[in-house]
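Asks: The structure is given below, and queries will be raised subsequently.
The values are calculated or read from the model by the stated rules, or taken from the named source; none is laboratory data. None of these values were measured; they are calculated from a predicted model. Every residue, glycine among them, receives a Cβ derived from its backbone with ideal geometry; neighbour counts consider all protein chains shown.
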Amino acid sequence: MRLATDPRRGCLARDGKKKGFKEIFTVEILSEIDELVGAPIDGWDFEAIEVAARREALRVASLAVARRLNADDSDHPGAYLPCRRCAGQARYAGRREKVFTTALGQMTLNRAYYHCEHCGAGFCPRDGTLSLEGSYLSPHVLRMVGIVGARVSFEEGHDLLYKLAGIDVPTTEVEREAERLGCQIVEDERRVTDPDTSGELPPTLYMGLDGTGVPMRASELVDRHGKQHDGSSKTREVKLVTVWSAQGRDKEGAPVRDEGSVTYSAAIESAASRDTDKDLSLFAQRVGREAARRRFEQAGRRVVLGDGATWIWNIATELFPGAIQIVDRFHVNEHLGTVGKALYGPGTDLAERWTHERCTELKAGKIDAVLAGLSAHFSVKEARDCHNYIKTNRDRMRYDQFHAAGLCTSSAVVESGCKRVIAMRLKQGGMFWTVGGANAITALRCCCLSGRFEDFWERRALRPAG
């Protein structure tokens with residue numbers, strides 16, 4: 001809750017004296033605490049005293065703040081104010097009470113109310129001034145709801161708010177307000193693409209692209225084809241772009257992701273586009289915005305990592321034609337492992353030996369040898385599929401050259417991002433999402449995990465009311 005600093009308003013003063021509020025507040029708090037701790041110290045239940053003292057201090061503070069706000073009628077500057085919805089004039093229609101949930105507890109505020117007869121809209125100017133508009137949650141409580149909503153289920157969020165802060169926000173309201181905040185972040189992400197110049201630009205930047213399925217409500221899956229035995233789908237794919245640097249090295253000299261360098265952006269969006277389309281696909285636009293924020297195009301070396309999905313390389317080629325494209329080496333190893341099992345049986349020594357030989361050739365850059373080893377077994381479908389996969393992406397599998405240049409050849413960061421950003425929050429047991437709800441919570445989680453929540457919150461606070 002932002003309090004006026006205008007000296008003419010006294011800033012939480014009583015009778016125009018700045019010390020009045022502080023003195024009265026202190027006296028009331030001390031009086032309440034004296035009553036709580038009157039017993040001999042040896043008989044104290046200190047935890048009970050902590051809880052009770054905190055509760056009483058907050059109750060007194062809530063009453064004091066409400067009293068100060070309700071005594072101020074400056075939110076009634078005249079009989080009419082411009083309507084916030086249309087071009088008409090809204091007429092003063094008295095004062096209205098509303099109970100808000102704040103970090104201090106429940107608080108009843110009495111505000112001037114204006115109503116527009118032209119469009120039927122009504123509003124309270126003070127709600128906008130105090131960032132209370134459209135919600136019964138105070139700004140600080142809404143921030144807490146956003147933080148828990150990004151990290152845990154809505155029910156767990158309700159429990160955490162109550163157990164840790166003593167704030168009772170029903171589970172349904174945690175869901176509604178977290179998703180509402182997430183929708184604001186969705187719009188903010190589209191609007192704000194200013195490059196982050198807070199730190200030095202690393203000489204090499206990596207970008208990873210991937211996707212993972214999220215369980216959806218049946219209404220979101222009508223006529224959608226999927227991987228179920230009957231051709232139906234239970235999920236929608238959330239596509240994720242992540243950017244990071246890896247200037248550090250491990251004991252063997254391999255690149256290591258730099259702490260705090262990873263950012264995420266993700267949504268259920270299409271990556272498909274036709275050659276005749278004027279605009280990029282929605283997800284390609286998202287990739288472009290994240291690249292702009294991270295100054296990806298300005299880096300001396302730009303690397304795009306992913307698996308063999310065609311949409312990944314289409315976006316990389318279209319947006320970053322000069323970037324180095326690398327297929328995750330461990331993803332290729334998995335394909336070779338599948339072939340080994342198909343040839344010699346799962347868990348057999350022959351399967352493991354054949355797979356190890358092909359993976360060793362792959363790491364050494366001997367692509368022709370790997371292809372030859374697969375060609376010898378063209379009667380097996382898995383071998384044919386893997387041969388085609390490697391042949392199509394062989395320029396992205398020059399692992400000997402990539403290692404010599406000190407580059408990452410693993411997309412572990414983006415795969416970890418799919419688990420950390422999406423799976424840990426949106427793929428828990430019993431969860432089924434709408435597209436809008438999934439995108440809102442995904443945006444909220446990406447914002448928090450990318451270290452951008454405070455910047456978003458500042459921009460939100462500076463937006464004009466209404």
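Asks: Which of the residues spanning the range 249-277 are over 26 Å from the mean Cα position of the chain (by Cα) and either outside the structural domain of Gly417 (by TED's automatic domain parsing) or in a strand (DSSP E or B) (or both)?
Replies: Arg249, Pro255
Asks: For the range 278-292, how many residues meet the condition of being closer than 22 Å to Ala323 by Cα, charged (D, E, K, R) and not in a helix (DSSP H, G or I)? First the steps, then the outcome.
Replies: First pass over the range 278-292, keeping only residues closer than 22 Å to Ala323 by Cα: 279-292.
Now drop any that are not charged (D, E, K, R), which leaves 279, 286, 289-290.
Filter once more, so that each one left must be not in a helix (DSSP H, G or I): 279.
Selection size over the range 278-292: 1.
Asks: Answer yes if at least one residue in the range 342-363 is farther than 30 Å from Lys239 by Cα, of a type in the set (S, T, N, Q), touching a helix residue (DSSP H, G or I) at 6+ places or on another chain (Cβ under 6 Å) and buried (at least 18 other Cβ atoms within 10 Å of the Cβ), and no otherwise. Spell out the reasoning first.
Replies: Keep residues of the range 342-363 that are farther than 30 Å from Lys239 by Cα, which gives 342-358, 360-361.
Remaining after also requiring of a type in the set (S, T, N, Q): 348, 355, 360.
Applying the additional criterion that residues be touching a helix residue (DSSP H, G or I) at 6+ places or on another chain (Cβ under 6 Å) yields 355.
Filter once more, so that each one left must be buried (at least 18 other Cβ atoms within 10 Å of the Cβ): 355.
Within the range 342-363, one or more residues are farther than 30 Å from Lys239 by Cα, of a type in the set (S, T, N, Q), touching a helix residue (DSSP H, G or I) at 6+ places or on another chain (Cβ under 6 Å) and buried (at least 18 other Cβ atoms within 10 Å of the Cβ).
Matching residues to (1) among the aromatic types (Phe, Trp, Tyr); (2) surrounded by fewer than 19 Cβ atoms within 10 Å (Cβ to Cβ); (3) at pLDDT below 95:
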position	(1), (2), (3)
Glu189	no, no, no
Leu221	no, yes, yes
Asp250	no, yes, yes
Asp279	no, yes, yes
Gln285	no, yes, no
Ala292	no, yes, no
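To keep it simple, each residue is scored yes or no on (1) in contact with a Pro (Cβ under 6 Å, 6 or more places away or on another chain); (2) over 22 Å from Gly417 (Cβ atoms); (3) polar (S, T, N, Q).
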{"position": "Phe283", "(1), (2), (3)": "no, no, no"}
{"position": "Leu305", "(1), (2), (3)": "no, no, no"}
{"position": "Asn314", "(1), (2), (3)": "no, no, yes"}
{"position": "Asn333", "(1), (2), (3)": "no, no, yes"}
{"position": "Pro346", "(1), (2), (3)": "no, yes, no"}
{"position": "Glu357", "(1), (2), (3)": "no, yes, no"}
{"position": "Thr360", "(1), (2), (3)": "no, yes, yes"}
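Asks: So which residues in the range 76-129 are closer than 30 Å to Glu56 by Cα and among the hydroxyl-bearing types (Ser, Thr, Tyr)?
Replies: Scanning the range 76-129 gives Thr101, Thr102, Thr108, Thr129.
Asks: Here are some conditions: (1) buried (at least 18 other Cβ atoms within 10 Å of the Cβ); (2) out of contact with any Phe, Trp or Tyr (no Cβ under 9 Å at 6 or more places or on another chain). Leu305 meets all but one. Which one does it not meet?
Replies: It fails just one condition, (2).
Asks: Inside the range 58-76, can you point out the residues that are in contact (Cβ under 8 Å) with a residue 24 or more places away in the chain and closer than 18 Å to Thr129 by Cα?
Replies: Val65, Ala66, Arg68, Leu69, Asn70, Asp72, Asp73, Ser74, Asp75, His76
Asks: Would you mind telling me which numbered condition in (1) crowded, with 18+ Cβ neighbours inside 10 Å; (2) free of Cβ contacts under 8 Å to residues at least 60 places away in the same chain; (3) in contact with a helix residue (DSSP H, G or I) (Cβ under 8 Å, 6 or more places away or on another chain) Thr171 fails?
Replies: (1)
Asks: Something else about it: With the checklist (1) in a helix (DSSP H, G or I); (2) over 24 Å from Glu458 (Cβ atoms) in hand, flag the one item Met144 doesn't pass.
Replies: For Met144, the exception is condition (2).
Asks: Just one of (1) over 28 Å from Ile185 (Cα atoms); (2) of a type outside the set (Val, Ile, Thr); (3) at pLDDT 95 or above trips up His118, so point out which.
Replies: All conditions are met except number (3).
Asks: Any idea which residue in the range 412-466 is farthest from Ala291 (Cα to Cα), counting only those that are in a loop (DSSP other than H, G, I, E, B) and touching a Phe, Trp or Tyr at 6+ places or on another chain (Cβ under 8 Å)?
Replies: Pass one, the range 412-466, residues in a loop (DSSP other than H, G, I, E, B): 427-432, 434, 450-452, 463-466.
Filter again for touching a Phe, Trp or Tyr at 6+ places or on another chain (Cβ under 8 Å), leaving 450, 466.
Working: Ser450: 14, Gly466: 32 Å.
Checked the range 412-466; the qualifying residue farthest from Ala291 (Cα to Cα) is Gly466.
Asks: How many of the residues in the range 219-248 are among the hydroxyl-bearing types (Ser, Thr, Tyr) and either outside the structural domain of Leu282 (by TED's automatic domain parsing) or under 23 Å from Ala323 (Cα atoms) (or both)?
Replies: Start the filter on the range 219-248 by keeping residues that are among the hydroxyl-bearing types (Ser, Thr, Tyr), which leaves 219, 232-233, 235, 242, 245.
Checking which are either outside the structural domain of Leu282 (by TED's automatic domain parsing) or under 23 Å from Ala323 (Cα atoms) (or both) leaves us with 242, 245.
Here the count works out to 2.
Asks: Let me ask something else about it. Quick one: Met424 ticks every box in (1) loosely packed, with under 14 Cβ neighbours inside 10 Å; (2) more than 20 Å from Gly208 (Cβ to Cβ); (3) not basic (Lys, Arg) except a single one, so which number is it?
Replies: So Met424 meets the others, but not (2).
Asks: Could you tell me which numbered condition Val169 fails, if it satisfies all but one of (1) assigned to a loop (DSSP other than H, G, I, E, B); (2) closer than 19 Å to Phe432 by Cα; (3) in contact with a strand residue (DSSP E or B) (Cβ under 8 Å, 6 or more places away or on another chain)?
Replies: Tallying (1) assigned to a loop (DSSP other than H, G, I, E, B); (2) closer than 19 Å to Phe432 by Cα; (3) in contact with a strand residue (DSSP E or B) (Cβ under 8 Å, 6 or more places away or on another chain), Val169 fails exactly one: (2).
Asks: Something else now. Go through Thr197, Thr193 for me and flag whichever is part of a loop (DSSP other than H, G, I, E, B), at pLDDT below 95, of a type in the set (Ser, Thr, Tyr) and loosely packed, with under 15 Cβ neighbours inside 10 Å.
Replies: Details: Thr193 fails: at pLDDT below 95.
When all the criteria are applied, what remains is Thr197.
Asks: For the range 382-411, how many residues meet the condition of being surrounded by 15 or more Cβ atoms within 10 Å (Cβ to Cβ), part of a helix (DSSP H, G or I) and of a type in the set (Ser, Thr, Tyr)?
Replies: Summing the residues that are surrounded by 15 or more Cβ atoms within 10 Å (Cβ to Cβ), part of a helix (DSSP H, G or I) and of a type in the set (Ser, Thr, Tyr) in the range 382-411 gives 2.
Asks: Does at least one position in the range 178-197 carry a residue that is aliphatic (A, V, I, L, M) and within 30 Å of Arg301 (Cβ to Cβ)? Full working, then the answer.
Replies: Start the filter on the range 178-197 by keeping residues that are aliphatic (A, V, I, L, M), which leaves 178, 181, 185-186, 192.
Adding the requirement that they be within 30 Å of Arg301 (Cβ to Cβ) leaves 192.
Looking for residues that are aliphatic (A, V, I, L, M) and within 30 Å of Arg301 (Cβ to Cβ), one finds at least one in the range 178-197, hence yes.
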